[in-house]
Protein chains: 2
Amino acid sequence: MDIKVAYLGPTEKTYTGQITKSIFPDAERTPIQPIRNIMMQTDALKFDLGVIPLENIYNGHVNETLDSLLDMQSVRIVREVSMKIAHCLGALPNHAQIYKIMSKDQGLEQCSRYLCKQYPNANLIAVSSTDEAVRRIKEERLLNTAAIASEESLDKLEILAREDKLCPNNRTRFIVLGREETQATGDDKTFLAIHPPIDKPGILVDISKPFSRYKINLEYIQSRPDAKKGYTFYIELDGHQLDKKVIKAMNKVKDNLDPKHKHQDTIKILGSYANSHWKDEN
Amino acid sequence: MDIKVAYLGPTEKTYTGQITKSIFPDAERTPIQPIRNIMMQTDALKFDLGVIPLENIYNGHVNETLDSLLDMQSVRIVREVSMKIAHCLGALPNHAQIYKIMSKDQGLEQCSRYLCKQYPNANLIAVSSTDEAVRRIKEERLLNTAAIASEESLDKLEILAREDKLCPNNRTRFIVLGREETQATGDDKTFLAIHPPIDKPGILVDISKPFSRYKINLEYIQSRPDAKKGYTFYIELDGHQLDKKVIKAMNKVKDNLDPKHKHQDTIKILGSYANSHWKDEN
């Protein structure tokens with residue numbers, strides 16, 4: 001029987017849809033929104049796997065992904081996979097002076113350094129998708145408007161700037177969600193959510209020292225306020241959750257934050273997965 | 001002469017436009033896009049002050065704000081101010097079963113927990129603004145579509161859910177940018193960008209230990225990859241940059257990360273400003 005995979009929609013044309021098709025060509029694939037829904041339905045066994053974005057080089061981490069993962073029972077990260085996002089800027093071949101630039105919000109943000117330099121007076125218009133931007137320029141014959149989209153989507157438009165100038169080395173990292181624990185490959189990463197039961201100065205030392213002592217490299221850290229005036233620290237580290245030194249370091253963090261072991265949920269493991277070294281792929 | 005204030009547009013109806021009007025009612029106010037452009041033009045003396053969003057309780061920090069601040073010469077954060085964002089869900093009074101929900105991307109994300117529970121099969125449609133969502137429902141008589149917007153914008157629509165259920169305690173923090181250093185008030189915060197010249201395990205201990213030693217509370221930390229395979233740590237701490245213990249802690253961090261003092265830009269101060277205790281305002 002085919003595996004059932006949910007991915008972030010609304011359609012298979014989204015970047016998440018494209019990467020899901022490329023890694024699960026034979027699966028039964030269903031577009032779902034929003035991110036939290038994909039997790040909830042995978043948690044509730046309606047799907048075997050889910051595919052959602054975790055991070056973009058320019059936009060940073062998707063907090064909805066991190067915060068939703070925290071609420072799940074059995075769903076965890078089982079794989080990471082990344083995709084180059086090659087934006088171009090295009091306008092009608094007979095375009096006038098450009099004073100409007102249209103794209104999806106994230107696309108405009110990813111290209112903001114270039115746009116501020118080359119089009120400092122342009123009006124930036126966020127629309128629902130990069131395709132929508134192209135469609136409107138063509139249908140409404142917008143001669144003073146350019147769109148940010150893939151070169152393929154900009155078909156029949158004149159390319160004003162390519163990826164290398166507009167938004168170099170742009171990449172999005174996606175995660176595959178599943179319910180089963182992965183095996184260690186020898187080159188893995190682990191995502192943790194650490195919730196100190198008490199807030200006090202020095203928490204970051206309590207958290208970081210054990211990882212330093214066991215020479216575990218931390219790839220990412222972010223603190224997020226929770227609803228109860230406390231904080232959750234999201235950490236991505238080099239190593240698998242079954243590696244002895246990772247276990248030792250996590251136990252020491254728990255000891256530091258909760259010496260009397262009164263709390264159950266000080267550390268939640270959001271997943272261990274093979275390291276794709278995605279930032280080196282550009 | 002009136003002071004000139006730039007704020008994130010496109011119009012004065014944006015949340016940034018509203019807060020700018022309320023704190024600078026007599027200023028000459030100009031909507032500018034994107035965030036980086038407001039900073040660049042304030043840095044270039046075209047405006048006296050700039051107002052931009054820094055953080056939303058649900059969406060987290062605006063990385064474009066953090067990353068752009070890093071590139072400025074003289075512009076820094078001089079004040080923080082926050083605003084309650086009270087979303088409601090509304091539809092036409094004679095609406096049918098709702099299977100589409102329209103709003104700005106961030107609005108959909110802020111309400112995702114409620115939407116997944118109450119409308120698990122709805123199609124979420126991101127449009128350019130919350131007003132655009134309301135306009136389309138009214139003009140196109142969309143009977144199966146609801147919009148997320150302020151109660152005021154949802155005028156003449158039926159309210160299906162209010163802020164307390166849809167998206168409780170939602171707040172956005174804005175920063176005022178200026179070029180002059182602030183005076184300490186006795187209850188301040190400071191935003192830092194720390195760029196370790198060498199990447200190695202244990203960096204986080206080198207950074208966090210001095211703050212712990214001087215009992216300086218860290219309100220926020222995030223690591224962001226930079227273009228050269230290094231990292232920048234963004235930190236917000238309790239205290240003013242002119243406080244003796246903050247100076248001592250920063251010097252110790254510099255010593256730890258760059259013992260021979262070979263680098264100039266290990267710590268960049270992004271600003272010190274009075275603590276508004278914005279999270280307690282709900």
Student exercise, segment A:111-154 dipole from Lys, Arg, Asp, Glu Cβ charges, in Debye to nearest 20: 220
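In peptide B:25-33, what is the residue-averaged number of other protein chain Cβ atoms found within 10 Å of each Cβ?
What the average comes to for B:25-33 is 2.
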Relative contact order for segment A:57-189, counting Cα pairs under 8 Å that sit 6 or more residues apart, in percent: 43
Gained length - B:Ala184 relative to B:Asp226, 0.36 nm times residue gap less alpha-carbon distance: 12.0 nm
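Per residue, what volume in Å³ does the convex hull of the Cα atoms of segment A:181-282 enclose?
Given the Cα convex hull of segment A:181-282, per-residue volume reads 116 Å³.
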nm² value of the averaged projected area, convex hull over the Cα atoms of segment A:133-227: 12.8
Nm distances between copies for B:Glu12, ranked from closest, using label points 7 Å along Cα→Cβ: 5.0
Shortest-first nm distances, A:Glu139 label point to equivalent points in other copies (7 Å, Cα→Cβ): 1.2
Cα-projected label distance for B:Glu281 with A:Ile159, points at 7 Å along beta-carbon direction, nm: 4.7
Kirkwood Rh, angstrom, segment A:26-146 [1 / mean 1/r, Cα pairs]: 16.9
Distances in nm from B:Lys262 to the matching label points in the other copies, shortest first (labels 7 Å along Cα to Cβ): 4.8
Partner chain coverage, peptide B:217-227 - average Cβ within 10 angstrom: 5
Selected from B:Pro225, A:Ser129, A:Asn217, residue furthest toward positive end of dipole (the protein assembly as shown; charges at beta carbon): A:Asn217
Size of charge dipole - segment A:1-120 - debye, nearest 20, with Cβ of Lys, Arg +1 and Asp, Glu -1, no other charges: 480
Relative contact order (%) - segment A:181-282, alpha-carbon pairs under 8 angstrom, separation at least six: 44
From phi via Karplus (6.51, -1.76, 1.60), per-residue ³J(HN,Hα) for segment B:57-64 in Hz, x at Gly/Pro: 3, 7, 7, x, 6, 8, 5, 4
Sum of -39500 (n - 2.57) over DSSP H runs of 4+, divided by residues of the protein assembly as shown (222 nm, nearest 500): -7500 deg cm²/dmol
Long-range amide H partners of A:His95 with built H, under 5 Å: none
Cβ-based exposure ranking for A:Lys262, A:Lys200, in which fewest neighbours within 10 Å come first: A:Lys262, A:Lys200
Charge context of A:Thr185, other residues only, Cβ under 14 angstrom, K/R +1, D/E -1: -4
P(r) tail fraction, segment B:109-180 - alpha-carbon pairs more than 20 Å apart, %: 38
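Which whole-number value in Å³ per residue fits the convex hull of the alpha carbons of chain A?
155
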Distance histogram in 5 Å bins (all Cα pairs of segment A:1-79, percent per bin): 3, 17, 27, 27, 18, 7, 1, 0
Excluding exposed DSSP-loop GluC sites (Glu not before Pro) (at most 15 other C-beta within 10 Å), longest clean stretch of chain B: B:13-139
Taking chain A and dividing mean pair separation by its residue count, relative contact order in percent (alpha carbons under 8 Å, at least six apart): 20
Top positive-direction residue, dipole computed over the protein assembly as shown with Cβ charges, set A:Leu142, A:Leu237, A:Gln33: A:Leu237
Rounded to the nearest 20 debye, dipole of segment B:87-169 from Cβ charges on Lys, Arg, Asp, Glu: 280
Fluctuation leader among A:Lys228, A:Lys104, A:Lys117 - chain A, Gaussian network, Cα springs under 10 angstrom: A:Lys228
Fully extended contour minus Cα-Cα distance, from B:Asn121 to B:Ile247, at 0.36 nm per residue: 40.0 nm
Cα lying deepest toward the dipole's positive end in the protein assembly as shown, options A:Pro120, B:Val5, A:Ile57, charges on Cβ: A:Ile57
For the protein assembly as shown, alpha-carbon Rg and Dmax in angstrom: 23.5, 74
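Which whole number gives the average, over all residues in A:109-116, of C-beta atoms from other chains lying within 10 Å of the residue C-beta?
Mean partner-chain Cβ count within 10 Å for A:109-116: 5.
A short reminder: the numbers here are calculations on the coordinates, not readings from a lab. Keep in mind the model is a prediction, meaning the values are calculated, not measured. Glycine gets a Cβ as well: all are built from the backbone with ideal geometry, and neighbour counts include every protein chain shown.
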